[in-house]
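The values are calculated or read from the model by the stated rules, or taken from the named source; none is laboratory data. What you are looking at is a predicted structure, and each value in this text was computed from that prediction instead of being measured. With ideal geometry, Cβ positions are generated from the backbone for all residues, glycine too; neighbour counts draw on all protein chains shown.
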Amino acid sequence: MDLESGYPWWTVRNGLPGAFPPLEADLRCDVAVIGAGITGALVAREFAAHGHDVAVLDRREAAWGSTSASTALLQYEIDTPMRALARRYGEGAAVLAYRACLDAIPALRATLRGLRGVDFSGADSVQYASRERDAASLHAECTLRARHGFPVHWLGAGDVRARYGIDAPGAILNKVAARMDPYRAAWGLLERLRDAGARIHDRTAIAAVEPRSRDVLLTTSNGLRVRARHVVVAAGYEAQAWLPRRVARNRSSYAFVSEPVAADVLGPLSRTLFWETARPYLYLRTTADRRVVAGGADDAVDIPARRDRRVARKTEHLLGKIRALFPQVPLQPAFAWGGTFAETADGLPWFGPHPRFGPRVLFAMAYGGNGITYAQAAAPLLRALAERRGHPLAGLFGFARGRR
């Protein structure tokens, strides 16, 4: 599956940090994780940290799939507003999903502590009303979250202009968000796992999966066998090919990173993530070396050749929106890219077993705008399921909700 177009910044910045060896002999393990991106790395870390013997397998080089194209805006806000989730699943479930993602931000900071080059940094997050008619519903969203103790503040039009110099009829200011280099984070976690004894094998494609009563048998494309008590499929957007019907809609999203901008010109951009209420929405943040990362302009095209041709035009579209928002910030795109993006009907991820494979094959499909946050939040859920324990997120993030 061709997941990227153009030049994702993280691979340009980091190159290929090294290589993990392809699998060359049969192996046994407690948990085999298929996928060596940021989701697979976070899930593998969770199992290994609690005493499970882990192997990670990926058909590409590690983190070379969608992780390398991620813009890594780390927010607890789900693309589906809390009010909409409450209407669909009840207020308690909506609060549970949001709180799990809120708790994931500091947990992710702790998980990545000590890794070099990750550039993890806390930030504010501002979601602004794109149009006057969006302000009332955005204010109601802020009120609901505040009632449940979430760290949000409502900003009227005057406050938005005074704080950020932008024209918007209102905004939610959230004080818990972050940014990082997702590619370097995945690599750092995988290297740490390897050093602790986990087996990491990239350039190793899985050709067959056979769930059995006591284990799962994986067969690679060159005939090697992996026997694991449990398998976690963390294969990103490609994981949908494993299922009998699609559980998400594949789209294309576009992004660019600018040349460095002077600190005094960036102003509030240097410490704030911005995103809007319009769909598809513009979002932007900065990097540690004062570049602006911007993304959005999603479309329904998931044909690589057509996506390739759209990267330049989409970059100009994003650039125009940012210039209208922050005319005082001179931006010169340095690298631009597009990539496959999947979203579920309710904005929630899919974590857990699927009826097609039984309880020993678990899926980690961290789809939506905050996939990294989902992965951090749901890794303990997958471990609980493998250990035959209950977990409060099992029903809400599992495949059973799709049959309600």
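Overview of results
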read-out	value
Boolean, A41 is over 20 Å from G338 (Cα atoms), outside any strand (DSSP E or B), touching a residue at least 60 places away in the same chain (Cβ under 8 Å) and not assigned by TED's automatic domain parsing to the domain that holds G223	no
Residues that are among the hydrophobic types (A, V, I, L, M, F, W, C) and under 23 Å from the mean Cα position of the chain (by Cα), drawn from segment 207-244	V231, V232, V233, A234, A235, A239, A241, W242, L243
Candidate set from segment 71-88 (those that are touching a strand residue (DSSP E or B) at 6+ places or on another chain (Cβ under 8 Å) and of a type in the set (D, E, K, R)); member that is nearest to R271 (Cα to Cα)	E77
Matching option when the condition is closer than 13 Å to Q240 by Cα and in contact with a Ser or Thr (Cβ under 6 Å, 6 or more places away or on another chain), among A375, A364	A364
Residue match in segment 339-349 (condition: at pLDDT 95 or above, among the aliphatic types (A, V, I, L, M) and under 27 Å from A136 (Cα atoms))	yes
Sole residue being under 13 Å from L57 (Cα atoms), surrounded by 18 or more Cβ atoms within 10 Å (Cβ to Cβ) and touching a helix residue (DSSP H, G or I) at 6+ places or on another chain (Cβ under 9 Å), chosen from A198, A186	A198
Residue list for segment 135-163, filter: out of contact with any Lys or Arg (no Cβ under 9 Å at 6 or more places or on another chain), surrounded by 13 or more Cβ atoms within 10 Å (Cβ to Cβ) and small (G, A, S)	A135, A146, G156, A157
Condition broken by A239, with the remaining ones in (1) over 27 Å from A41 (Cα atoms); (2) assigned to a helix (DSSP H, G or I) satisfied	(1)
Breaking point among (1) closer than 27 Å to D298 by Cβ; (2) modelled with pLDDT of 95 or more; (3) in contact with a Pro (Cβ under 7 Å, 6 or more places away or on another chain), for P353	(1)
Test: residue in segment 74-95 that is buried (at least 24 other Cβ atoms within 10 Å of the Cβ) and β-branched (V, I, T)	no
Answer from V56, V12 - the residue that is in contact with a strand residue (DSSP E or B) (Cβ under 9 Å, 6 or more places away or on another chain) and either assigned by TED's automatic domain parsing to the domain that holds M365 or outside any helix (DSSP H, G or I) (or both)	V56
Residue ranges of helices (runs of 4 or more DSSP H) in segment 117-225 with at least 1 members under 27 Å from I78 (Cα atoms), free of Cβ contacts under 8 Å to residues at least 24 places away in the same chain and not polar (S, T, N, Q)	135-147, 157-164
Considering residues of segment 254-303 that are acidic (D, E) and assigned to a loop (DSSP other than H, G, I, E, B) only, the residue nearest to the chain's Cα centre (by Cα)	D302
